[in-house]
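The values are calculated or read from the model by the stated rules, or taken from the named source; none is laboratory data. Given the structure is predicted, the values throughout are model-derived calculations rather than measurements. All Cβ positions, glycine included, derive from the backbone under ideal geometry; neighbour counts span all protein chains shown. Remember, those area values only see protein heavy atoms, side chains included, never the ligands or the DNA or RNA. Shrake-Rupley method; radii C 1.70, N 1.55, O 1.52, S 1.80 Å.
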Number of protein chains: 2
Amino acid sequence: MRIGEAADAAGMTTKTIRFYEKRGLLPPAERTANGYRRYSRETISRLEFIRRSQVAGLTLAQIEGILRIRDNGMTPCTHVRDILAKQLLDLDQKIAELTALRATVAEQYATAKAADPRNCDADLICSYI
Amino acid sequence: MRIGEAADAAGMTTKTIRFYEKRGLLPPAERTANGYRRYSRETISRLEFIRRSQVAGLTLAQIEGILRIRDNGMTPCTHVRDILAKQLLDLDQKIAELTALRATVAEQYATAKAADPRNCDADLICSYI
DNA sequence: CTGCACCTTCCCCTGCGCGGGAAGGTCAAG
DNA sequence: CTTGACCTTCCCGCGCAGGGGAAGGTGCAG
């Protein structure tokens with residue numbers, strides 16, 4: 001399998017695959033006689049894992065950590081559990097922040113809708129914000 | 001007021017003020033005889049407005065739009081109202097996305113906590129994700 | 001006189017995840 | 001023999017909002 005076929009199979013571009021290799025998410029690819037990269041189904045599984053992880057919101061750095069454990073012959077289960085736990089906390093915090101921000105903006109918007117433009121204070125640029 | 005004092009007064013760094021000037025959020029500063037930038041309270045108000053806008057989650061591009069209207073001698077009220085409305089929609093969408101993601105991750109985490117590590121399939125890298 | 005704190009311009013760096021495009025090699029089909 | 005679709009390496013770019021640090025000027029205190 002050449003890189004273009006692997007990219008199609010995994011649903012990404014050749015650029016992305018080379019980028020992953022350079023970043024260390026993939027081991028240096030085997031090469032054919034003419035220097036082309038050659039991939040096995042195993043690599044496709046790896047690429048698919050990366051995609052699934054990204055869908056879960058993990059960063060490439062986190063994914064790299066999981067892969068490295070696998071590559072050292074160990075099972076990454078515990079590590080993955082920790083990462084997922086941290087991801088849950090991060091998401092909760094972000095959602096809380098955005099919800100608080102939404103409340104602030106909603107209030108400003110309400111003020112802006114109700115206010116009389118003639119009360120505009122030039123020194124504040126805009127009194128709603 | 002020199003740039004350092006202005007930065008202290010507005011709660012930002014001198015780097016940021018110069019950056020805003022280059023980006024067009026601030027008009028080119030007046031200069032003293034030795035070439036130092038000199039600021040008035042009016043500029044501080046402008047910087048404070050920028051900060052308040054950032055707290056509301058606006059981008060510098062949006063803030064620039066508001067300031068430009070002011071600088072053209074008009075009141076930005078209507079424009080600000082539109083921006084706040086869009087901001088509310090954006091926030092709602094982001095919150096919805098994060099909430100959906102949180103549900104996915106929560107499910108994966110529950111699976112990971114309940115699963116037996118011995119069922120780990122090496123070909124999938126990790127069966128929880 | 002010397003130090004120190006401040007100012008100036010300049011250009012590069014960060015994090016994140018790639019994308020664009022140049023300049024060139026390879027291979028099968030027509 | 002040429003075309004076209006692949007592939008290779010290389011380096012630069014984005015978007016966002018600045019930060020780091022060099023190399024040099026300025027102004028005041030001790």
Evaluate the following for B:T111: is it open to solvent by 40 Å² or more (accessible area, probe 1.4 Å), hydroxyl-bearing (S, T, Y) and either out of contact with any strand residue (DSSP E or B) (no Cβ under 9 Å at 6 or more places or on another chain) or more than 10 Å from every other protein chain (Cβ to nearest Cβ) (or both)?
yes
Out of A:S127, A:S45, which single residue is at the interface with chain B (Cβ under 9 Å from one of its Cβ atoms), surrounded by 13 or more Cβ atoms within 10 Å (Cβ to Cβ), polar (S, T, N, Q) and part of a loop (DSSP other than H, G, I, E, B)?
A:S127
Verdict on B:A7 being within 12 Å of DNA strand C (Cβ to nearest atom) and under 30 Å from A:L98 (Cβ atoms):
yes
Candidate set: region B:48-72, residues that are of a type in the set (S, T, N, Q) and more than 8 Å from chain A (Cβ to nearest Cβ); chosen: the one surrounded by the fewest Cβ atoms within 10 Å (Cβ to Cβ)
B:N72
Residue check for B:L89: buried (at least 16 other Cβ atoms within 10 Å of the Cβ) and closer than 30 Å to A:V55 by Cα
no
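The rows are residues; the columns are (1) surrounded by 15 or more Cβ atoms within 10 Å (Cβ to Cβ); (2) away from every other protein chain (no Cβ under 14 Å); (3) among the hydrophobic types (A, V, I, L, M, F, W, C); (4) more than 8 Å from DNA strand D (Cβ to nearest atom).
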site	(1), (2), (3), (4)
B:D8	no, yes, no, yes
B:K15	no, yes, no, no
B:E30	no, yes, no, yes
B:R37	yes, yes, no, yes
For region B:92-100, does any single residue satisfy the condition of being in contact with a Pro (Cβ under 9 Å, 6 or more places away or on another chain), among the acidic types (D, E) and either open to solvent by less than 90 Å² (accessible area, probe 1.4 Å) or more than 16 Å from DNA strand D (Cβ to nearest atom) (or both)?
no
Quick one: B:T75 ticks every box in (1) at pLDDT 95 or above; (2) open to solvent by 40 Å² or more (accessible area, probe 1.4 Å); (3) within 14 Å of another protein chain (Cβ to nearest Cβ) except a single one, so which number is it?
(1)
Taking the condition of being away from DNA strand D (no atom under 16 Å from the Cβ) and either within 15 Å of the chain's Cα centre (by Cα) or part of a helix (DSSP H, G or I) (or both), how many residues in region A:58-73 meet it?
11
Restricting attention to region B:84-108, the residues that are more than 9 Å from chain A (Cβ to nearest Cβ), among the hydrophobic types (A, V, I, L, M, F, W, C) and closer than 18 Å to A:V105 by Cβ number exactly 2
Quickly run through region A:74-116 and pick out the residues that are in a loop (DSSP other than H, G, I, E, B) and in contact with a helix residue (DSSP H, G or I) (Cβ under 6 Å, 6 or more places away or on another chain).
A:T75, A:P76
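Take the residues of region A:17-28 that are loosely packed, with under 15 Cβ neighbours inside 10 Å and touching a residue at least 40 places away in the same chain (Cβ under 8 Å): which is nearest to the chain's Cα centre (by Cα)?
Top of the filtered list is A:R23.
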